[in-house]
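Please read the structure below before turning to the comments.
The values are calculated or read from the model by the stated rules, or taken from the named source; none is laboratory data. Predicted model only: the values in this text are computed from it and were never measured. Quick reminder, even Gly has a Cβ in these numbers, built from the backbone with ideal geometry, and neighbours come from all protein chains shown.
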Amino acid sequence: MTATSDSKEPIAVELKFYATFRDAVGRKSVTRELPAGATLGDALADAAEAYPDIDEEILTGRGEVRDGVRALRNGRERATAETTLADGDEVSFVTPIHGGAGHSTC
């Protein structure tokens with residue numbers, strides 16, 4: 001029997017932090033175990049319990065990803081707080097690059 005998307009097994013999601021977000025967390029990435037059907041907002045709320053500075057850097061008071069923060073799911077897809085995550089997903093948090101040559105946020 002194969003697993004279905006309705007499986008109640010927990011999922012593991014890797015959150016990757018760059019620039020000031022890495023400073024807020026104190027590490028480049030963390031893996032969080034979440035219930036099936038969890039959203040990016042759920043993952044961030046879970047991570048914020050262990051890394052409280054995430055709230056100020058990434059989330060608004062309403063639990064939405066702040067303007068100016070780019071969340072990329074699996075390196076390609078833009079994600080919002082409502083994006084449903086799957087087991088093995090990686091979500092990277094970056095700020096848009098501003099300025100001329102030689103300026104980077106990573």
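Remarks
- Considering GLU33, GLU77, GLU82, the condition of being of a type in the set (D, E, K, R), without any contact (Cβ under 8 Å) to a residue 12 or more places away in the chain and either under 16 Å from GLU14 (Cβ atoms) or surrounded by fewer than 14 Cβ atoms within 10 Å (Cβ to Cβ) (or both) is satisfied by GLU77 alone.
- No other residue among GLY63, GLY88 is in a loop (DSSP other than H, G, I, E, B), in contact (Cβ under 8 Å) with a residue 12 or more places away in the chain, touching a Gly at 6+ places or on another chain (Cβ under 8 Å) and not aliphatic (A, V, I, L, M) apart from GLY63.
- For the stretch 50-60, the set of residues classified as part of a loop (DSSP other than H, G, I, E, B), surrounded by fewer than 14 Cβ atoms within 10 Å (Cβ to Cβ) and either in contact with a helix residue (DSSP H, G or I) (Cβ under 8 Å, 6 or more places away or on another chain) or hydroxyl-bearing (Ser, Thr, Tyr) (or both) consists of THR60 only.
- Selected residue (criterion: nearest to GLY88 (Cα to Cα)) from residues of the stretch 10-27 that are of a type in the set (D, E, K, R) and touching a Ser or Thr at 6+ places or on another chain (Cβ under 6 Å): GLU14
- Residue match in the stretch 37-45 (condition: among the hydroxyl-bearing types (Ser, Thr, Tyr) and modelled with pLDDT under 95): no
- For the stretch 16-30, filtered to residues that are of a type in the set (Gly, Ala, Ser) and over 12 Å from the mean Cα position of the chain (by Cα), the residue that is surrounded by the fewest Cβ atoms within 10 Å (Cβ to Cβ) is GLY26.
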